[in-house]
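The values are calculated or read from the model by the stated rules, or taken from the named source; none is laboratory data. Because the structure is predicted, anything quoted here is derived from the model rather than measured. Glycine also receives a Cβ, built like all others from the backbone with ideal geometry; neighbour counts cover every protein chain displayed. The protein model used for the area step is the full one, side chains on, heavy atoms only, and it has no ligands, DNA or RNA in it. Shrake-Rupley method; radii C 1.70, N 1.55, O 1.52, S 1.80 Å.
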Amino acid sequence: MGFLFEQDNFALFRDGFLQTIELSALSALLALLLGTLLAAFRVSPVPVLRAFGTAWVTLFRNTPLTLLFFAVTFGLPPLGVHFSHLVFAVLALGGYTASFVCEVIRSGINTVPLGQAEAARSLGMTFGQTLTLVVLPQAARTVLAPMSSVFIALPRNSAIAGAFSVGELYSAQQTFSERGYSIFAIFFWVACAYLLISATVATFFRFLESRLAVVR
Amino acid sequence: MSILNRPASAGVLYDAPGPKARARYRLFGVLSVLGILGLLWYVFAALDANGQFDPDLWDPFQYNFVQQMILDGLLATLKAFGLAAAFSLTLGALLAAGQLSDHKPVRWACTGIVQFFRAMPLLILIVALYYAFFAKQSMWALVIGLTLYNGAVQAEIIRSGVNAVPRGQGEAAYAIGMRKTQVMASILVPQAVRSMLPSMIGQLVVTLKDTSLGLIITYQELLFVGKKIASQPMNAAGFPYIPVVLVIGPIYIAMCLLLTALARWIEARGRRGANRRTSPAA
C-alpha cells in the first residue's frame, strides 16, 4: 500500500487523477449541451430533425464505447483531423454520453403535466419558448435522478480513454504495474480514487435535488 | 412506428400548425435537410479526398481468411457475452436475495459488494483480474470482470423490481401462513420478473457492448480482430482503419438492436391480454 508515496509515484497518480477529472468534466459539458439539443430535436415539429435525433441516439447508444474511441483515435488522423488525445477522448465520450442524456431529458419532458405545455401554448408561446421557458425547467427536476446515474457512469467510462493514450488513472495503473508493484496495492488506490469521484458526483446531485425540490 | 410519424407524447408541445406555421416548418425542414446533407457530403468528401474509398484499402475483406477472422471474432464476442450474461444473471439473483435477506450481516455484505462493483470502472476491474489471475486466459478475465460489474447492476434491478411489487401482495402471502422463501419464490419474484425484464435485457445490451473491452486485454474478440486487420498496411493505400470501423460498427449495432427488439417484444407481450395488470387506477 505504501508504494504510492515512494519516488515520483504520487505525482504520477495525482496527474492521472486530475486528467480523469478534466476529461470527465469536459465530456460532461459536451454531453449535456449536445444531449439537450438532441432532445429538443427529438420533440421538435420538424420531422427531419426528429429523424436526425433518433438516428444519432440509435447509432451512439448501440455502439460500444471502445469502438468509438477506436474510430476517433485511429479514424480521424488519416482524414487530416489532428487534435490532442484528450480532445479525441472528449469527442468520443461526449458524443456517446450525449445520446444517454438525450433519452433521459426526453423522458423527463414526457413527465411534465400536459396542462403546462397547453397553458404555455394558449398564451401564444412558440415551440422554442414553450420548451425553454416552461417545459425544460420543470423536466430538469424530474430528470435529476436518472441524470445522476448517467453522470456517475461517465467518469467510470473515461477509464477507457486511458487505453487510447490519454494519461489518466488507467494509464497510471498501467505504469505502476510495469514498474512491478503489487497489482492489489495498485488496484486499491485506483479504486479509492474512482470511489471518491463517483461519491462526489452522487453528493453533488443529491445537493441539487434538495435545492431544486418543489412541493407539487 | 415510423420515425417520421409525430410521436404522440410530443404533440402537446406545439399547436396543430396553420398555413403559416406549416410553411415555416417546411422551411426549417428544407434547411435542416440541406444542413444534414451538407454534413454527410462533407464527411463523404473528406473520406474520398483522403483515399478512404481506394479499392486497395477495402481489399482485405475479400480474402477468405480475413472473413474467417471476423467470424471467429464474432463467435468469441458472443461466447464471452453468453458466459457473462448467464453468470451475471445468476450472481445478480444471488446478490439480490442477499440484499433482501432478513439477516443484517448478509444484507450489509451484499449491499457493500453491489455498491463497490457498481462504482468501479469495468476496465480497471478487468485489467486487474487479467494481471492478477488470468494472464494466460484473457477470456476469463473479461468474463469474470463483466460478471462482477453486471451482476451488481442486475442485483440492483432485481431488488428494486421485487420492492416495486405492491406491498399487499407480500402481506397477503404472509397472512395465509407462507414462509419468507415461499413468499419470495411464488408471489413476489414471478410478479417482479415481468416489470424488470426490459431493464434486465437493457443491461444485457450493455454487457454485449462491454465485451469490446477485450481489445485492451488482447482477447480475440470482434474489435481486437478488427484492430489486427487494420494494422496490416495495404500496400500504398495505408492502414484500413476506417474501412474496419465501417464494417465492425454495423455488426455491433445490429447485435444490440436485435437484443433491444427482444426487450421491446417481451415488454409488449407482458402488457397484452390476460397478462395485463388490473386496476389501472390507484
Scan chain B and hand back the longest stretch that contains none of the trypsin sites (Lys or Arg not before Pro) lying in DSSP loops with at most 11 other Cβ atoms within 10 Å.
-> B:1-135
Over chain A, average the accessible area per residue using a 1.4 Å probe and give it in Å², no decimals.
-> 44 Å²
Order of exposure, largest accessible area first, which applies to A:L154, B:L34 with probe 1.4 Å = B:L34, A:L154
Accessible area per residue in Å² at 1.4 Å probe, computed on segment B:55-268 | 47 Å²
What total accessible surface area, summed over both chains, is buried at the interface between chains B and A, computed with a 1.4 Å probe and given in Å² to the nearest 100?
-> 4700 Å²
Which helices of chain B meet both criteria: a Cα extent of 20 Å or more along the helical axis and a mean Kyte-Doolittle score no lower than 0.5, with helices taken as whole DSSP H segments?
-> B:19-49, B:64-99, B:138-163, B:189-210, B:241-271
What span do the alpha-carbon atoms of chain A cover on each of the three principal axes, reported in whole Å from largest to smallest?
-> 69, 46, 22
Charges only on Cβ, +1 for Lys and Arg, -1 for Asp and Glu: so what's the dipole of segment B:55-268 about the Cα centre, in debye to the nearest 20?
-> 700 debye
In nanometres, what is the gap between the two model label sites at B:D59 and B:R107, each 7 Å from Cα along Cα-to-Cβ?
-> 6.7 nm
Please state the relative contact order of segment B:55-268 as a whole percent: Cα pairs under 8 Å, 6+ residues apart?
-> 28 percent
Cα-based Lys pair tally, the protein assembly as shown, threshold under 30 Å, eight or more apart or on separate chains = 10
